[in-house]
Amino acid sequence: MSDLSEWKLAVVTDLVLKVVPTNPEDAKPWEDVAVRAVYEYERTRESWQTGDPNFDIYQDNFIRKEYIFNRRNEIRTKLIQERGIVLMWNAGRSYTGIWRDDTEDAMRAYLETRRKNIGGQADGYNSNVDAGAKLHDGLTMPVFEQVRRLPSTNN
């Protein structure tokens, strides 16, 4: 990722962090969070631009709802890896909302959900490999092994 792309992602991540709810009962859909982030920037544009020389060099036309919404996975990853903040979500049939949580329990819950998702994908892939090998002699494909690691004891 280029320096410009990193800077843009950092700016929109800070905006999202500013407007995303901290309470599960107040969870908002990603689209609403993106709109609120753009509104927050427009409302306080000068404070965001002050002290950041990149705003003098580059235009701020990337701060749009679509840009933020389309980079939601990158924003979520950046928050987890750099700040230890998890964007949790509640899922429903017609409504999905997000909120932020920086507790250790939230991180454990998020990582457990990811582990289950990846484990399920590996199991599905492996069953497809087994079925294909039964129908086509000589078909070889690598099988994914799920490695389970114990939690780190050095906190």
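Worth a mention:
- Breaking point among (1) in contact with a Pro (Cβ under 6 Å, 6 or more places away or on another chain); (2) at positive phi, for W99: (2)
- Residue in region 56-75 that is in a loop (DSSP other than H, G, I, E, B), touching a strand residue (DSSP E or B) at 6+ places or on another chain (Cβ under 8 Å) and crowded, with 17+ Cβ neighbours inside 10 Å present: no
- Test: residue in region 90-103 that is of a type outside the set (D, E, K, R), more than 20 Å from P29 (Cβ to Cβ) and loosely packed, with under 14 Cβ neighbours inside 10 Å: yes
- Here the condition is being acidic (D, E) and over 15 Å from the mean Cα position of the chain (by Cα); of E40, E31, E82, E74, it holds for E40 alone.
- I98, sole failed condition from (1) β-branched (V, I, T); (2) at pLDDT below 95; (3) farther than 30 Å from F144 by Cα; (4) in a helix (DSSP H, G or I): (4)
- Here L4 does not fit the description of being touching a helix residue (DSSP H, G or I) at 6+ places or on another chain (Cβ under 9 Å) and crowded, with 17+ Cβ neighbours inside 10 Å.
- Test result for T44, touching a Pro at 6+ places or on another chain (Cβ under 9 Å), outside the structural domain of F144 (by TED's automatic domain parsing) and over 20 Å from E6 (Cα atoms): no
For every residue, the table says whether it meets (1) over 30 Å from L111 (Cα atoms); (2) in contact with an Asp or Glu (Cβ under 7 Å, 6 or more places away or on another chain); (3) among the hydrophobic types (A, V, I, L, M, F, W, C).
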residue: D3; (1), (2), (3): no, no, no
residue: K8; (1), (2), (3): no, no, no
residue: V20; (1), (2), (3): no, no, yes
residue: V33; (1), (2), (3): no, no, yes
residue: V38; (1), (2), (3): no, no, yes
residue: N54; (1), (2), (3): yes, no, no
residue: R71; (1), (2), (3): no, no, no
residue: L79; (1), (2), (3): no, no, yes
residue: L87; (1), (2), (3): no, no, yes
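- Selected residue (criterion: surrounded by the fewest Cβ atoms within 10 Å (Cβ to Cβ)) from residues of region 20-53 that are in contact with a helix residue (DSSP H, G or I) (Cβ under 7 Å, 6 or more places away or on another chain) and within 18 Å of E82 (Cβ to Cβ): V20
The values are calculated or read from the model by the stated rules, or taken from the named source; none is laboratory data. Predicted, not measured: the structure shown is a model, and the values here were computed from it. Cβ: placed from backbone, ideal geometry, glycine included. Neighbour counts: every protein chain shown.
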